[in-house]
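Here's the structure we're looking at; comments come further down.
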Amino acid sequence: MKIAIGSDHAGLALKEALKAYLDSRMIPYEDFGTHTAESCDYPRIAEIVCKAILSAEFDRGILICGTGIGMSIAANKIPNIRAAACSEPYSAILSKRHNNSNVLCLGARVVASGLATLITEGWLNAAYEGERHQRRVDMLTRIEQRYAIPFAPQAPREEDTNPITPAEPPAGED
């Protein structure tokens, strides 16, 4: 199993703690940013991590922001990503067993590193049960397909290309 991991500035410290946990378990991973405490935009990190999972080079992803919710919303915009924002182990385990989640989202302002490690451990050790759950996962895929906008290649905008560039302050703020 190989993990793609990423965080925004709010999740940086928790990401480092989870990387230490992954190292202790000898689980390979790649850190897709951010690498500094400067403010950055979580949707950029979510997209990069999810694209890495879809490339099949990585089996699962872990995304961390302040609450886990923003990362989860961003990740779930991407077809074939099933991201679950979890704040305790039971939901994380069932998100894998029943929903075949491939991205775990955590909130650094919600869970401390010890609990985050337990959540991550439960999720990584869980396996998709399939069978009766597959019908529902297939339903999710069909919903995703019904509402998919046909892909039209577009050049990325400058502000969408660098996931670790600090966000610009809103106009009128110093």
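Apart from one condition, C65 fits all of (1) surrounded by 24 or more Cβ atoms within 10 Å (Cβ to Cβ); (2) of a type outside the set (F, W, Y); (3) in contact (Cβ under 8 Å) with a residue 24 or more places away in the chain; (4) within 19 Å of Y128 (Cα to Cα); the exception is (4). Applying the criterion of being among the hydroxyl-bearing types (S, T, Y) and in contact (Cβ under 8 Å) with a residue 40 or more places away in the chain to the residues of region 1-54, the residue that is farthest from T120 (Cα to Cα) is S39. A single member of I93, I78 is in contact with a helix residue (DSSP H, G or I) (Cβ under 7 Å, 6 or more places away or on another chain), crowded, with 16+ Cβ neighbours inside 10 Å and part of a loop (DSSP other than H, G, I, E, B), and it is I78.
Being in a loop (DSSP other than H, G, I, E, B), hydrophobic (A, V, I, L, M, F, W, C) and modelled with pLDDT of 95 or more is a property that V110 has. Taking the criterion of being among the charged types (D, E, K, R) and more than 20 Å from E131 (Cβ to Cβ), the residues of region 75-117 that qualify are K77, E88, R109. Restricting R25, R44 to residues that are of a type in the set (K, R), crowded, with 21+ Cβ neighbours inside 10 Å and at pLDDT 95 or above narrows the list to R44. Beta carbons closer than 7 Å, at least 6 apart along the sequence or on distinct chains, pair a first residue in region 98-109 that is closer than 10 Å to A83 by Cα with a second that is surrounded by fewer than 18 Cβ atoms within 10 Å (Cβ to Cβ) and hydrophobic (A, V, I, L, M, F, W, C) for N99/V137; N100/V137. Filtering region 1-59 to residues that are part of a loop (DSSP other than H, G, I, E, B) and among the hydrophobic types (A, V, I, L, M, F, W, C) leaves M1, M26, I27, F32, A37, C40, A56, F58. If you go through region 87-123 and pick out every residue that is within 14 Å of the chain's Cα centre (by Cα) and within 17 Å of Y42 (Cα to Cα), you end up with 6.
The values are calculated or read from the model by the stated rules, or taken from the named source; none is laboratory data. What you see is a predicted model; the values in this text were computed from it and never measured. Neighbour counts run over all protein chains shown; Cβ positions are idealised from the backbone, glycine included.
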